[in-house]
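Read the structure below first, then the notes.
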Amino acid sequence: MADKREVASEKEQAEHWDASDQGLLSATLMATPTQRIAWLEEALQLAYATGALKPRQMLTKEEWDAKGSLNP
């Protein structure tokens, strides 16, 4: 049989989200720099894997210098 879930009231749902948000905030603030870099690397890997970000091509020194001279 399918498991029926009760629909929470708006107040209960708001309290649940507040608790989740607080937990996420606490975990984020307590994270070490190493953990934060790991999260960033995972997010970038996911973004590249899904096509949200496209890999960049490396520029030669000449191309880099040319781009720099175009901006005043």
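The values are calculated or read from the model by the stated rules, or taken from the named source; none is laboratory data. Note that this is a predicted model, so its numbers are computed, not measured. Ideal geometry is used to build each Cβ from the backbone, glycine not excepted, and the neighbour counts take in all protein chains shown.
A few notes on this one:
- Any hit, the stretch 8-23, residues being assigned to a loop (DSSP other than H, G, I, E, B) and modelled with pLDDT under 85: yes
- Across the stretch 18-45, the number of residues qualifying as surrounded by fewer than 11 Cβ atoms within 10 Å (Cβ to Cβ) and within 30 Å of residue 56 (Cβ to Cβ) comes to 6.
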